[in-house]
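Presented below is the structure to which this report refers.
A short reminder: the numbers here are calculations on the coordinates, not readings from a lab. Treat the numbers as computed from the prediction; the structure is a model and nothing was measured. We place every Cβ from the backbone using ideal geometry, glycine too, and count neighbours over all the protein chains shown.
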Amino acid sequence: MYDIAVMNGIVIDPKNRRLTAANVYCRDGKIAEISREIRESAKVINAGGRYVSPGFIDIHAHIEGKKRCGALLCQQGVTTAVNGNCGNGLDDYPGFFRAMDKSGFIINQVELSGASTLRQKAGQLDRYAPMTAAQIDIANGLLQEELQAGTAGLSFGLEYMPGTDREELYTLSRTAARYGKPVTVHIRCDLSPGLDALVEVIELSRFTGAGVQVSHAAYQFGFGMMRQALDIIDNAVSEGLDVSCDSGMYTSFGTRIGSAVFDDGCLENWHCSYDAIVMPAGKYAGQRLDRESFEDLRKNFPHDTAIVLIGAPAEIPMAFELPYMMVGSDAGGDASDTLGAVHPQDAATFPRFIRQMVVEQKKLTLIDAVSRMTILPAQRMGLSKKGCLSPGNDADITVFDLAAIRDNAVFPHQGRMDALPDGICAVVVNGKAVIEDKRIINDTAGKICYSPNNTCYRSSSFL
Ligand SMILES: [Zn+2]
């Protein structure tokens, strides 16, 4: 007798690049059997000829236990989120892990240590100033404690911490590399200075040996710079450097209006005016800004998220020409349980990726697309029991209808940012049915993925 069975589906195996008509049986949170046999099971999900995929892994998220954000991600078919990106870590990992272990969460969570948080804990509160040698020592000690407690790597948000110098970058990255953990980097600039900023992190990999994951390519290079950026990354990988990358499905990004991103000169750099900025919530919710409202928000509501409508969306599919370009939503950044979504990416990224790349533009085969959301991020993050449905692996499963898959969330001046996608039929997390027909039926099945001893794959293995 099995706990749960997903019957009559087409099982996607991104590791062996195979599609097989089969039933998937789970017991005690693990995949127990994949076969055409009919077995008894306490709970049955009928996939009815639809695709049965390993649960999607979001390699770039900011969920950190926020219920509403976790639910929106799960509604996209995501069963594991890699949190703590862009330098934004947590103050107390053991405390967070204990709290999540106790309460459970809708999806599994992986936590990265955040360099911005470490530098604040080490006493450097000025984002424009470098850390002193003594502060770097403190931050480095804290990083080791966090990695031992179970964080899965290190993240930098260099654009938010312009004062970060080479000493800080290299010292902390060397520590992550010594632990065999990747370093994810939101690079120092976007637009054309972004290419120099990209070279900075490729050199980082060269001189520290760290596995560098370049974050959200569409946000950094989707302004006419994508082709050059991809060439730089690909040359580095061909040379043997351990560099890989992820991208979302938008070039219009959202971030706190008080952050360094909106410092003087930003509009000139972006070649846009104030009305390219739209607010998802707060005093000017749903509105485009002008100089007066922009200055009001910068001064009085610096923590509010603003979305900049910008970029060349046609460059997004180009990003996925790199076979190791993974999918990351960037969801949850400044969202909260009260705000819900603050960008359509929070509710749309994964279905949008499948619809645009596989169904509409036919740029990727289904198996290739699924591998960017399953086996590749699992290997990069050292999640050895995830990313592929094989006996003994974690029973994280997403059932979707390729013909029906569609994202419905839009920007705040257009409608709802949290509109649920179509085509995600069922989601199973650790062997428990979590979503069926868009209804959440369990929001505590997800676990924290501690990974002190897991092996993270080098980017060369993805070729
Ligand atoms: Zn970022």
TODO: Assuming a ≥ b ≥ c are the square roots of the Cα gyration tensor eigenvalues, decide whether the chain counts as rounded (a/c under 1.5), prolate (otherwise, with a/b larger than b/c) or oblate.
DONE: prolate
Open item on the list: Please list 3J(HN,Hα) in residue order for the stretch 175-188, calculated via the Karplus relation 6.51 cos²θ - 1.76 cosθ + 1.60 where θ = phi - 60°; whole Hz, with x for glycine and proline.
Closed with: 5, 4, 4, 4, 7, x, 10, x, 10, 8, 10, 7, 5, 5
Task: Whole-number Å³ per residue for the convex hull built on Cα positions in the stretch 253-309 - done: 68
- [ ] Lys and Arg at +1, Asp and Glu at -1: add these up for the other residues within a Cβ distance under 9 Å of Arg119 and post the number.
- [x] +1
Open item on the list: List the residues, sorted by chain then number, that are 5 or more residues from Ile4 or on another chain and whose placed amide H is less than 5 Å from its amide H.
Closed with: Cys26, Ala42, Lys43
Open item on the list: For a quick check: sort Phe253, Phe400, Phe56 by the number of other beta carbons within 10 angstrom, fewest at the front.
Closed with: Phe253, Phe400, Phe56
Open item on the list: For the stretch 307-454, what are Rg and Dmax over the alpha carbons, in angstrom?
Closed with: 16.0, 47
Open item on the list: Nearest 10 degrees is fine. How inclined is helix 133-149 to the longest principal axis of the chain, computing both from alpha carbons?
Closed with: 10
Task: Cα gyration tensor category, rounded, prolate or oblate, for the stretch 224-276 with a/c compared to 1.5 - done: prolate
- [ ] Under 1.5 on a/c is rounded, so check that first for the stretch 423-463, then, if it is not, pick prolate when a/b is larger than b/c and oblate when it is not; a ≥ b ≥ c are the square roots of the alpha carbon gyration tensor eigenvalues.
- [x] oblate
Task: Partners for Lys432 among lysines (Cα-Cα distance below 24 Å; same-chain residues under 8 apart left out) - done: Lys15, Lys30, Lys43, Lys66, Lys67, Lys102, Lys385, Lys386, Lys447
TODO: Can you tell me the order of 360-368, 129-137 when each peptide is scored by its average per-residue count of other Cβ atoms within 10 angstrom, highest first?
DONE: 129-137, 360-368
Task: Rg over Rh, two decimals, the stretch 103-257 (C-alpha only, Kirkwood Rh) - done: 0.97
Task: Peptides 88-100, 272-284 ordered by average Cβ neighbours within 10 Å, highest first - done: 272-284, 88-100
Open item on the list: Under the rule of at least 5 residues apart or a separate chain, name every residue whose amide H is placed under 5 Å from the amide H of Met326.
Closed with: Cys245, Asp246, Ser247
Open item on the list: Loop-only GluC sites (Glu not before Pro) in the stretch 161-253, please: DSSP not H, G, I, E or B, and at most 12 other Cβ atoms within 10 Å.
Closed with: Glu239
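As a test, work out the antiparallel percent of DSSP beta bridges whose residues both lie in the chain, rounded to the nearest 5.
55
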- [ ] Using amide H atoms built 1.01 Å from N in the peptide plane, name the residues 5+ places from Asn408, or on other chains, whose amide H lies under 5 Å from its own.
- [x] Asp422
